[in-house]
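The values are calculated or read from the model by the stated rules, or taken from the named source; none is laboratory data. Bear in mind that the values here come from a model prediction, so they are computed numbers and not experimental data. Reconstructed Cβ throughout: ideal geometry from the backbone, glycine too, with neighbour counts over all protein chains shown. Heavy atoms of the whole protein, side chains included, go into the accessibility calculation; ligands, DNA and RNA do not. Shrake-Rupley method; radii C 1.70, N 1.55, O 1.52, S 1.80 Å.
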Amino acid sequence: MTDDPEVLDNAVRTLSRLLLAEETLEATFGRVASLACRTLPPCDLASVTMINDGQASTPVQTHPLADDLDSAQYRSQRGPCLEAYSIRQVVRGTVPDSAPRWPEFMAAAAKAGIRSVLAVPLVASDRPLGALNLYSRTAESYSEADEETAVLFSEQAAVACANSEVYWRTHSLTEHLREALESRDVIGQAKGILMERERVDADAAFDMLRRASQRLNVKLRDLAGRVVHARDPDDSAAGAPR
């Protein structure tokens, strides 16, 4: 554990600010992993494991070796990060003592020069999200105090990750709604232009756009945009059959 309380306090404050940060989920994970390495001196590499629909992935890591170590666990379907996620408890491992438990991961860790690992579950609102993986090149490097700090850290990190996930899901839905409304507006304008030009009703104007869209293999919204911006497109552009 860091000997400087101010360092830990600053780390927690930084994580708290992440709760309100309007950034991508991947960017949030990156900050979490980097902050973990800076806060816990034994930590040489860090990564975040996320599990969605039963599939594990590593969206961010502080070093490519961490990605390799995570991948070894995913391939064998066992290892400290997956166990921490499954049992929702901190999981420790040392090389080579834990070899019988996770032989594939331990082989990868030994090859990478990693001597110990601390995997901390990320849980928000009683929902497991994944795990924060802290790798060290020093054997048995994580003390009980380090574990307590990592747990506090992971609790803040999980909330930050969950909030970021909710924010960007909401943002994505809002963007899709905006695009749908814009599409409706531009299609409506194009229908009005065709109704006036071709002396047809709304259904007939929409059918002209639809058939032209299929024939030209152009999205209906894009074709409508051509009609709106050109106002007098030729048949090949507008595709409006007479």
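Listing for the model above:
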read-out: Heavy-atom accessible area ranking, 1.4 Å probe, most first, across Ile193, Ile87; value: Ile87, Ile193
read-out: Solvent-accessible surface (1.4 angstrom probe) belonging to Asp201, in square angstrom, nearest 10; value: 90
read-out: Spatial extent of region 23-120: Rg and Dmax, with the Cα atoms as the point set, Å; value: 12.7, 41
read-out: Computed FRET value (nearest 0.05) for Lys111 with Ser57, which takes r as the C-beta separation and R₀ as 25 Å; value: 0.70
read-out: Residue order for Lys111, Lys191, Lys219 - accessible surface, 1.4 angstrom probe, largest first; value: Lys111, Lys219, Lys191
